Amino acid sequence: GMRNHEMVPVPLITSIAKLRHGGSYKILSTLLRHKLVAHTNTDYNGYRLSYLGFDILALRSLLSRGVIHSVGRQIGVGKESDIFEAQTEDGEEVVIKIHRLGRTSFRAVRKNRDYMAGKSKASWLFMSRLAALKEFSFMKALYAHGFPTPTPIDQNRHCVVMSKVNGSPMCQIKTGNMYGAEQVFAICMSILKKLAEHGLVHCDFNEFNLMIDELGNITLIDFPQMVSTSHVNAHDLFVRDVNCLRKFFAMKMRYVAPDDMALTLDDIVKGDIAIDEEVKASGFTAEEDAALMGYLDAVAKHDESNGGRAEGEAGEDDNSDGEEEEEFDEHNVEITQDHVFVGGNVFGVLDDRNLKDCPILPSTIVDEEEPLDQPDDAAEDFSDSDISDEETRAEKEKARREAAAAEEGDEGVQDKVKSAREKLQRDIYKNAKGAASGKVSRNATKKRNKYGKIDKTVGKALLNDW
Ligand code: ADP
Ligand code: MG
């Protein structure tokens, strides 16, 4: 009933649930008491699910499917997501990302109740489900093509289950303390380039969404905002991603990348595989994407008009259930083909993305500025990291990836995934080796040996090899 109604009228609930009139009231009041639904009486007598209720439905589904066995502590708070640890039946640690669209956005607008008093078609729960669906679809496709993403495990409603990534986001590395920054930069750039060759721009490619472990393995996360390279603004969005990465390495890791690594989409030669098209064909439709992107654009607009994303973010982590419940209630958004309306007023226009130089994303643990002359001790390069069982974890992760590939069932698919992954791993290490040992040269291409390996050089040529 929530697909077409923000608040579902009681008679509809009764008929969908196949209950007697009195029966549904009794159940609804119990649910209301436990805050699993919220109630309205303004226009008509109706109820809608709360985030808590939605959480329970999703977790219960994942539980009954045998995907998870128990849920553990919260390990991350994104702008509009909560990240929890969970365990599978055999004790393996996985991660559940719970999308919570509407949590931090429209804060200013929401304060004005009159302004928000319009009708609503799209509920935040529905948007959160779209975000989870998109994230899972892209993660599956990227993973299958060998990109370094978490292993996609399952998705239900607004939840995505994936493998737990070793290491931490790069934003947690102390300033100037990244071991092999040049090499890490080269790998990140090659991932960005490889994405574009496959028809994709990440659109949030920054130190918050690039995770790194003690061995320098890099994992890309966070996919709900990805666009196709055929998107009207793809060119600018790609350049923004590139600049974001360059800026982070220059400002925080003191590695200024050479100019010839400032790629634009014009430098990209599209390959045979179009993941953007693949995803569209398999589960996440263009219409669903349009609805989600309309929302995300509106949020970006709102953030921009408030002087950047950082504002008002500090206090976001202390959401009690009650507060969340309160916030959810007041969002009224309608999304059409090309506009986003809030309370009947145009709030955003689709395809007119907010192109800021570099988004400042919230982070739970951002290090403070360190003195410049900090000792360069490789052993302490990664702050806050637990290296004790790092090797076993790496092994476990490898095994889980192989097991996941094996579970694909079809032997052909299984082999394809495996060989794509193996090729990618080889490429990454090849890149890393080249980047570690060499200086940048525009003539790098000439120095390849007959196997196409890069010899003591890094730069565009290295990236082309990926
Ligand atoms: P958001 O879309 O809200 O930014 P992210 O997907 O970027 O959410 O996740 C937020 C944080 O949660 C990340 O910065 C990271 O610290 C943690 N995280 C997310 N996914 C994983 C994972 N698979 N394994 C370990 N940590 C994760
Ligand atoms: Mg993120």
Here the Kirkwood hydrodynamic radius of the range 141-212, Cα-based and in Å, equals 13.8 Å
For 196-203, 14-21, 278-285, ranked highest to lowest by mean beta-carbon neighbours within 10 Å, the order is 196-203, 278-285, 14-21
A student applying the Cα gyration tensor rule (rounded when a/c is under 1.5; otherwise prolate if a/b is larger than b/c, oblate if not) would label the range 166-284 prolate
Of the candidates His198, Thr229, Ile187, the farthest towards the positive dipole end of the range 166-284 (Lys/Arg Cβ +1, Asp/Glu Cβ -1, centred on the Cα centre) is Ile187
So Ser70 and Thr30, fully extended at 0.36 nm per residue minus their Cα-Cα distance, gain in nm 11.9 nm
The extension gain from Ala250 to Leu12, computed as 0.36 nm times the residue separation minus the Cα-Cα distance, is 79.9 nm
Judged on accessible area alone, 1.4 Å probe, highest first, Asp90, Asp289 line up as Asp90, Asp289
SASA check, Leu57, accessible area w/ 1.4 Å probe, all protein chains in place, rounded to nearest 10 Å², comes out at 50 Å²
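The values are calculated or read from the model by the stated rules, or taken from the named source; none is laboratory data. Just so it is clear, the model here is predicted, and its values are computed rather than measured. Cβ sites come from the backbone with ideal geometry, for glycine too, and all protein chains shown count toward neighbours. With ligands, DNA and RNA removed, areas are computed over all heavy atoms of the protein, side chains included. Shrake-Rupley method; radii C 1.70, N 1.55, O 1.52, S 1.80 Å.
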